Amino acid sequence: MPYLKNTWVFPNSIEIEKVFSGRYGHHGSHSERTKPTPEEVKKINERNAVNNLRRLLKENYKEDDWHLVLTYKKDERPTPEEAKGILNRFIRKLRNAYRKNGYELKYIHVTEYHHKAIHHHLVINDIPDVTKIVRALWTYGRPNFSPLLSEHTYGE
């Protein structure tokens with residue numbers, strides 16, 4: 001069965017994906033198509049989300065940029081709806097601070113709260129004194145900084 005070859009070129013790497021296509025090749029009798037189970041759909045969607053996020057990170061960020069985890073004080077944790085508003089206000093203030101210093105903010109964020117204390121993961125581009133700026137703007141808890149890895153293993 002023939003395959004399709006997809007290639008993504010990033011600043012520090014090249015990603016090649018080979019996928020089989022049912023549109024080409026043998027067109028004999030086939031068994032009836034069955035609908036995938038909800039578990040199979042969930043697994044495929046999860047894999048596609050990881051691949052898309054990894055490619056987005058590889059294309060737009062470098063190893064000097066930051067992965068932030070923004071936590072809340074234990075006795076002041078908001079609901080998911082309140083946390084969304086808090087994060088939006090924080091990003092707006094952070095964008096203004098970047099503009100004030102002559103830079104553009106690039107970010108990706110994910111909020112986690114299922115089976116865990118609510119917290120936000122952000123990836124932001126680096127500028128001078130970004131750690132001081134974030135610490136001054138995030139007053140709800142503690143921001144944890146870690147640099148992006150040079151190995152570009154973002155899928156993990």
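The values are calculated or read from the model by the stated rules, or taken from the named source; none is laboratory data. Since we're looking at a predicted model, the values are computed, not measured. For neighbour counting, all protein chains shown are included, and Cβ atoms are generated from backbone atoms with ideal geometry for every residue, glycine included. With ligands, DNA and RNA removed, areas are computed over all heavy atoms of the protein, side chains included. Shrake-Rupley method; radii C 1.70, N 1.55, O 1.52, S 1.80 Å.
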Could you identify the single residue in TYR113, TYR61, TYR72 that is under 21 Å from ASN144 (Cβ atoms), of a type outside the set (S, T, N, Q) and touching a Gly at 6+ places or on another chain (Cβ under 6 Å)?
-> TYR72
Note on GLU63: of the conditions (1) part of a loop (DSSP other than H, G, I, E, B); (2) open to solvent by 100 Å² or more (accessible area, probe 1.4 Å), unmet is (2)
Within segment 23-43, can one find any residue that is modelled with pLDDT of 85 or more, open to solvent by less than 70 Å² (accessible area, probe 1.4 Å), more than 26 Å from VAL130 (Cβ to Cβ) and not in a loop (DSSP other than H, G, I, E, B)?
-> yes
Looking across segment 113-134 at residues that are loosely packed, with under 13 Cβ neighbours inside 10 Å and among the charged types (D, E, K, R), the single one that is modelled with the highest pLDDT is LYS132
Report yes if HIS109 is open to solvent by 70 Å² or more (accessible area, probe 1.4 Å), touching a Leu at 6+ places or on another chain (Cβ under 8 Å), at negative phi and part of a strand (DSSP E or B), otherwise no.
-> yes
Starting from segment 44-58, keep only residues that are under 15 Å from SER13 (Cα atoms), then list their pairs with residues that are surrounded by 15 or more Cβ atoms within 10 Å (Cβ to Cβ) and of a type outside the set (A, V, I, L, M) whose Cβ atoms are within a distance under 7 Å, requiring at least 6 positions of separation or different chains.
-> ARG54/TYR154; LEU57/TYR154; LYS58/HIS152; LYS58/TYR154
Counting just the residues of segment 10-22 that are modelled with pLDDT of 85 or more and either closer than 24 Å to HIS109 by Cβ or open to solvent by 80 Å² or more (accessible area, probe 1.4 Å) (or both), which one comes out farthest from the chain's Cα centre (by Cα)?
-> LYS18
Being touching an Asp or Glu at 6+ places or on another chain (Cβ under 9 Å), open to solvent by less than 50 Å² (accessible area, probe 1.4 Å), of a type in the set (Gly, Ala, Ser) and more than 20 Å from TYR61 (Cα to Cα) narrows it down to one of GLY141, GLY85, so name that one.
-> GLY141
Candidate set: segment 51-83, residues that are modelled with pLDDT under 90 and of a type in the set (A, V, I, L, M, F, W, C); chosen: the one nearest to ASP129 (Cα to Cα) = LEU57
Only one residue in TYR113, TYR98 is touching a Pro at 6+ places or on another chain (Cβ under 9 Å) and closer than 24 Å to LEU56 by Cα. Which one?
-> TYR113
Does ASP65 fit the bill of being under 18 Å from HIS120 (Cα atoms) and over 25 Å from the mean Cα position of the chain (by Cα)?
-> no
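Residues checked against (1) outside any loop (DSSP other than H, G, I, E, B); (2) exposed (fewer than 11 other Cβ atoms within 10 Å of the Cβ); (3) of a type outside the set (Val, Ile, Thr):
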residue: ARG47; (1), (2), (3): yes, no, yes
residue: LEU53; (1), (2), (3): yes, no, yes
residue: LEU56; (1), (2), (3): yes, no, yes
residue: VAL69; (1), (2), (3): yes, no, no
residue: GLU81; (1), (2), (3): yes, yes, yes
residue: LYS93; (1), (2), (3): yes, no, yes
residue: ALA97; (1), (2), (3): yes, no, yes
